[in-house]
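The values are calculated or read from the model by the stated rules, or taken from the named source; none is laboratory data. In this text, all values refer to a predicted model and were calculated from it rather than measured experimentally. Methodologically, a virtual Cβ is constructed for each residue, glycine included, from the backbone with ideal geometry; neighbour enumeration extends over all protein chains shown.
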Amino acid sequence: MTRSQLRRLPSYLFLAVSAFLSVFPLYFMAVSATNASRDVLGARLVPGGEFMANLDKLLTQHDVGAALWHSAVIAVGTTVLALVICSIAGYGFEVFHSKGKDRVMALLLLAMMIPFAATMIPLFRMFADFGLVNSSIAVILPFIATPLLVLLFRQAARSFPHEIVEAARLDGLGELNIFFRIFLPTMRSTLAAAAVITFMMSWNNFLWPRVILVNNKYQTIPMLISNLRAGYVTDYGVLMLAVLIASLPTMVIFLVLQRAFAQGITGAIK
């Protein structure tokens, strides 16, 4: 082993340990889904033969399909609406720039410091007055315009050549056409990054759906997982299988869009 390789050895060891610590919880989750509850509590690290039994218990005792459907509707609806609204807002903040808009943006960023728990009760009362309790709309609406995504699109719009906007205006193209036909196609990586962030946050959202979806008939997959631990005895094999099923959509979304996600985040930071 050369001297340069010896100098890099601590870095390799650190990366190997970090990779192991990152992957091990996923491995343990997948393995535990195939074991009985007593084996999970005993920290068994090899696959077992209880996968089909755990799956049968999960599907017969709980409406997993409905929970996945509700989570998918909420996550996809939130993602689509958030991308449209926040991209338009970010575009407007930068293309129609003014000092007043900078102050509004500063207020929006300050609003990120307010914990959601502080606004949850007023939100619940507002949606209750409109008769939207136990509806997907009430879960979606509070998260379709977030300061983080507006800032992400605003930063991305700063790299967009304003000369193209001026030329399109001279050619008689309207602002909406400029936005949808010229601006958005160049923001694919930013859209992918925003989509990953929004989908994962919405899919894993637990607190607000638990508050606004009073009836378990409308429960999402995180609520179902919480209910698995609500009894006197917890079947950890079934619980781990439910967690595995709930994790698969976010894993797939991230793996498919990971390159565009990295490009979008890097572009926004620049």
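Of the residues contained in the stretch 55-64, none is found to be surrounded by 18 or more Cβ atoms within 10 Å (Cβ to Cβ) and under 30 Å from GLU166 (Cβ atoms). Among the residues of the stretch 27-49, those identified as among the aliphatic types (A, V, I, L, M), touching a residue at least 60 places away in the same chain (Cβ under 8 Å) and outside any loop (DSSP other than H, G, I, E, B) are MET29, ALA30, VAL40, LEU41.
The residue of the stretch 190-236 that is nearest to the chain's Cα centre (by Cα), among those that are modelled with pLDDT of 85 or more and of a type in the set (Gly, Ala, Ser), is SER202.
Evaluation of HIS97 against the conditions (1) more than 24 Å from the chain's Cα centre (by Cα); (2) over 30 Å from ILE225 (Cβ atoms); (3) free of Cβ contacts under 8 Å to residues at least 40 places away in the same chain; (4) in a helix (DSSP H, G or I) shows that the sole unmet condition is (4). Of all residues in the stretch 142-169, those being under 10 Å from ALA89 (Cα atoms) and in contact with a Ser or Thr (Cβ under 6 Å, 6 or more places away or on another chain) number 1.
Going residue by residue through the stretch 119-128, is there one that turns out to be among the hydrophobic types (A, V, I, L, M, F, W, C), within 19 Å of THR198 (Cα to Cα) and buried (at least 16 other Cβ atoms within 10 Å of the Cβ)? Checking the stretch 119-128: not a single residue is among the hydrophobic types (A, V, I, L, M, F, W, C), within 19 Å of THR198 (Cα to Cα) and buried (at least 16 other Cβ atoms within 10 Å of the Cβ). Filtering the stretch 160-204 to residues that are in contact with a helix residue (DSSP H, G or I) (Cβ under 7 Å, 6 or more places away or on another chain) and among the polar types (S, T, N, Q) leaves SER189, THR190, THR198, SER202, ASN204. If you check every pair at least six apart or on different chains, which have Cβ atoms under 9 Å apart with a residue in the stretch 59-71 that is charged (D, E, K, R) first and a residue that is assigned to a loop (DSSP other than H, G, I, E, B) and crowded, with 18+ Cβ neighbours inside 10 Å second? Qualifying pairs under 9 Å: ASP63/GLN219. Residue-level analysis places LEU244 outside the set of residues that are more than 19 Å from LEU141 (Cβ to Cβ), in a helix (DSSP H, G or I) and out of contact with any helix residue (DSSP H, G or I) (no Cβ under 6 Å at 6 or more places or on another chain). Annotation: of all residues in the stretch 174-185 being hydrophobic (A, V, I, L, M, F, W, C) and loosely packed, with under 15 Cβ neighbours inside 10 Å, the one that is nearest to the chain's Cα centre (by Cα) is PHE180. Condition test on PHE199, is it within 21 Å of GLY90 (Cα to Cα), without any contact (Cβ under 8 Å) to a residue 60 or more places away in the chain and either in contact with a Leu (Cβ under 7 Å, 6 or more places away or on another chain) or surrounded by 13 or more Cβ atoms within 10 Å (Cβ to Cβ) (or both)? When the stated conditions are applied, PHE199 does not pass them. The residues listed here are ALA75, ALA128; of these, the one that is in a helix (DSSP H, G or I), within 21 Å of the chain's Cα centre (by Cα) and at pLDDT 90 or above is ALA75. Of the set (1) out of contact with any Leu (no Cβ under 6 Å at 6 or more places or on another chain); (2) in a helix (DSSP H, G or I), all apply to ALA194 but (1).
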